[in-house]
Amino acid sequence: GRMTEKLGLRTQAEWKARDALLGLAYGFDTISVAGLNDAGDGYYFSIWANGGLTGRWPEMAPKPAYAAIATLTQVLDRAKFQRWVPTGSTVFYAQEFKRDGEWVYAFWTPRGTRKATVEFPSDAKRRLMDLYGREQTVTGKTVDFTAGTGVSYLTSKDQLQSIHAGATAFPED
């Protein structure tokens with residue numbers, strides 16, 4: 001039910017990634033967020049047939065959701081969900097995963113943006129990645145970033161010590 005025609009390409013990508021994160025947090029055995037491609041016939045206009053990761057035949061170009069799920073898979077491959085990190089807000093989500101001696105955090109909001117500061121015990125290098133895999137290296141005991149409706153991932157050798165949820169904004173309003 002995450003239809004391109006109803007949601008648009010960006011919202012579809014954001015929701016599919018968040019759906020997968022919820023499935024991981026709640027221990028789903030199978031997490032199926034989409035078919036590979038949209039239906040190539042009149043079925044495309046039904047409520048089930050345009051939620052694929054690629055467009056319909058004959059073009060079948062990857063949608064933003066393809067990149068979002070590929071990024072999620074790359075970042076969380078073999079990771080085990082540990083906990084929901086308390087943020088002090090009911091509308092700012094933070095998940096903690098552990099994989100091969102490193103910690104991976106996923107952050108998002110259901111609407112708008114939220115400034116955030118996370119604190120770590122050391123000033124080691126960390127990777128901050130957006131929904132589509134664009135990555136930057138951050139250093140310091142504190143990391144400031146803006147969470148939004150698209151998931152942000154933060155990977156660290158150190159476990160997060162605390163998170164502070166800052167100001168919210170609703171730029172689309």
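The values are calculated or read from the model by the stated rules, or taken from the named source; none is laboratory data. Since the model is a prediction, treat every value here as computed from it, not as a measurement. All Cβ positions, glycine included, derive from the backbone under ideal geometry; neighbour counts span all protein chains shown. The area values use the complete protein model at the heavy-atom level, side chains included, leaving out ligands, DNA and RNA. Shrake-Rupley method; radii C 1.70, N 1.55, O 1.52, S 1.80 Å.
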Q) Quick one: with all protein chains in place, what share of the accessible area of the chain is carbon or sulfur, to the nearest percent (1.4 Å probe)? A) 52
Q: Would you work out which of 73, 139, 112 lies farthest towards the positive end of the dipole of the chain, given +1 charges on the beta-carbon of Lys and Arg and -1 on that of Asp and Glu, about the Cα centre?
A: 139
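At a temperature of 37 °C and a viscosity of 0.692 mPa s, determine how fast the range 10-81 diffuses translationally according to Stokes-Einstein, using the Kirkwood radius over alpha-carbon pairs as Rh; express D in µm²/s, rounded to the nearest whole number. Intermediate values should be presented prior to the final figure.
Working: Rh = 12.9 Å.
Rounded to a whole number, D works out at 255 µm²/s.
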Q: Exposed loop trypsin sites (Lys or Arg not before Pro) only (DSSP loop, at most 10 other Cβ atoms within 10 Å): please give the longest stretch of the chain free of them, not including the sites.
A: 1-77
Q: Return the distance in nm (one decimal) between the two label points of a simple spin-label model at residue 46 and residue 10, each offset 7 Å from Cα along Cα→Cβ.
A: 3.1
Q) With every protein chain left in place, what is the accessible area per residue of the range 82-151 in square angstrom, probe 1.4 Å? A) 47
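Please state the equivalent ellipsoid semi-axes for the range 112-168: what are the square roots of 5 times the Cα gyration tensor eigenvalues, largest first, in whole Å? Can you show the working numbers first?
On the way: eigenvalues 66, 43, 12 Å².
Three semi-axes, in Å: 18, 15, 8.
Normalising by the residue count of the chain, find the relative contact order in percent from Cα pairs under 8 Å and 6+ residues apart. Working shown, then result.
Details: 359 pairs, mean separation 33.4, N = 173.
Reported relative contact order: 19 percent.
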**Q.** Residues residue 122 and residue 172, FRET efficiency given R0 of 25 Å [Cβ-Cβ distance, rounded to 0.05]
**A.** 0.10
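Under a point-charge model restricted to the Cβ atoms of Lys and Arg (+1) and Asp and Glu (-1), what is the dipole moment magnitude of the range 35-108 relative to its Cα centre, in debye to the nearest 20?
260
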Q | Calculated SAXS-style log₁₀ I(q)/I(0) at q = 0.08, 0.15 Å⁻¹ - the chain, Debye, Cα scatterers | A | -0.26, -0.84
**Q.** Nearby lysines by direct alpha-carbon distance to residue 115 (threshold 25 angstrom, same-chain neighbours under 8 apart not counted)
**A.** 16, 98, 125, 141, 157
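Just order 146-155, 20-29 by mean Cβ neighbour count inside 10 Å, highest at the front, would you? The partial results should precede the final answer.
Numbers: 146-155: 20.8, 20-29: 14.0.
Packing order, densest peptide first, comes out as 146-155, 20-29.
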Q) the range 102-173 to the range 73-92: how many Å between their Cα centroids? A) 11
Q.
Per q in 0.12, 0.17 Å⁻¹, report the Debye log10 I(q)/I(0) for the range 71-168, using one uniform scatterer on each alpha carbon and no solvent.
A. -0.32, -0.68
